[in-house]
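One structure below.
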Amino acid sequence: MNARPPKAKPLPAHPGLTVLSDEVVWDGRFPLQRIRFRRRRFDGTEGGVQTWELWRRGGAVAVLPWDPWTDRVALIEQFRLPALAAGLEPVMAECPAGLLEQGEDPEDAARRELAEETGLAADRFAPMGRYILTQGGCDEVITLFLGRTRLPEPGHGGNHGLDHEHEDIRVTVMDAAEAIAMLDDNRIDNATAAISLGWFARRRASLLPDWTT
């Protein structure tokens, strides 16, 4: 019998939850589990049997690079097949992001992904929150950071990404106000960048004095 994939761990115990079966139906890079369970309802009665597919991607990080001395940020663009399938523009403006390696510290992962996807380095990080992205079907939880970064001149910051993963990532440097306007005008289609820019917009003025010293 094959061992369970490391990412497809059994569910932790939870009050009122009874797991009836837990089957790994796909054991690729991101395993898929089919779980049958019952759960005690909010009114105390026993709920019916439910069957859910659970996609196990694990932890992730994203970082919004900000140059407070020039008040500019960097976003990346890359092709996203699921966005195309959803009827969205598949080349999305995003924050540099990636999955945690086993046992990796989130800030270390943010530093690594920033270098891999933009060629940039940050000397200071501020956590912007921790969020589950698709709570209806996937366990991926992302930790967001603001990263203090010396940015190149506005415009395109070159193409980056890992060759062995066939990544094709374009970096764009822009004024912070322009990036916030993209959020306000609904030109940011992904949750990670939207949450990051929303957090940044609310705290930008208060961070400037401290982050420019």
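The values are calculated or read from the model by the stated rules, or taken from the named source; none is laboratory data. Since the structure is predicted, the reported quantities are computational estimates derived from the model, not experimental observations. Positions of Cβ are generated from backbone atoms using ideal geometry, with glycine treated the same way; all protein chains shown enter the neighbour counts. Ligands, DNA and RNA are excluded from the accessible area calculation, which covers all protein heavy atoms including side chains. Shrake-Rupley method; radii C 1.70, N 1.55, O 1.52, S 1.80 Å.
If I compute solvent accessible area with a 1.4 Å probe over the protein chains, what percent of it on the chain is carbon and sulfur?
Carbon and sulfur atoms account for 53 percent of the accessible area of the chain.
Can you give me the three principal axis dimensions of the stretch 146-213 from its C-alpha atoms, in Å, biggest first?
So the three principal-axis extents are 41, 31, 19 Å.
If you roll a 1.4 Å probe over the heavy atoms of the protein chains, what accessible area per residue do you get for the stretch 98-213, in Å²? Walk me through the numbers before you get to the answer.
Values: 6280 Å² over 116 residues.
About 54 Å² of surface per residue is accessible.
For the chain, what proportion of DSSP beta bridges, expressed in % and rounded to the nearest 5, is antiparallel?
Details: 43 of 52 bridges.
That works out to approximately 85 percent antiparallel.
Taking Rh as the Kirkwood radius, which is the inverse of the mean 1/r over Cα pairs, what is the Rg/Rh value for the chain? Before the final figure, lay out the partial values.
Working: Rg = 19.9 Å, Rh = 19.1 Å.
Dividing the radius of gyration by the Kirkwood radius yields 1.04.
What number, in nm² with one decimal, is the all-direction average of the projected area of the convex hull of the alpha-carbon atoms of the stretch 1-48? Before the final figure, lay out the partial values.
Details: hull surface 16.2 nm².
In nm², the orientation-averaged hull projection of the stretch 1-48 is 4.0.
Once all Cα-Cα distances of the stretch 47-123 are split into 5 Å bins that start at 0, what whole-number percent is in each one?
Pairs per bin, as whole percents: 3, 13, 17, 18, 17, 13, 9, 5, 3, 2, 1, 0.
For SER21, SER196, SER206, give the ranking by accessible area with the largest first, probe 1.4 Å.
Working: SER21 40, SER196 0, SER206 85 Å².
From most accessible down to least: SER206, SER21, SER196.
Using alpha-carbon pairs under 8 Å, 6+ residues apart, how would you state the relative contact order of the chain in percent? Could the numbers behind the result be given before it?
Numbers: 417 pairs, mean separation 40.6, N = 213.
Relative contact order of the chain: 19 percent.
Show me the three semi-axes of the equivalent ellipsoid for the stretch 2-94, from the C-alpha gyration tensor (sqrt of 5 times each eigenvalue), largest first, rounded to whole Å.
Numbers: eigenvalues 280, 69, 47 Å².
Those come to 37, 19, 15 Å.
Could you tally the net charge around GLY16, taking each other residue with its Cβ under 11 Å from the Cβ of GLY16, Lys/Arg +1 and Asp/Glu -1?
Numbers: positive: ARG38, ARG39, ARG40, ARG41; negative: GLU46.
Here the count lands on +3.
What range in the chain is the longest one free of chymotrypsin sites (Phe, Trp or Tyr not before Pro) that are in a loop by DSSP and have at most 14 other Cβ atoms within 10 angstrom? The partial results should precede the final answer.
Values: sites that count: PHE42, TRP69.
My reading of the result: 70-213 is the longest stretch.
How large is Rg over Rh for the stretch 107-193, taking Rg from the Cα atoms and Rh as the Kirkwood inverse mean of 1/r across Cα pairs?
Values: Rg = 14.3 Å, Rh = 14.8 Å.
Rounded to two decimals, Rg/Rh equals 0.97.
Once you wrap a convex hull around the alpha carbon atoms of the stretch 109-149, what is its projected area averaged over all directions, in nm²?
Details: hull surface 12.7 nm².
Computing the convex hull of the Cα atoms and averaging its projections yields 3.2 nm².
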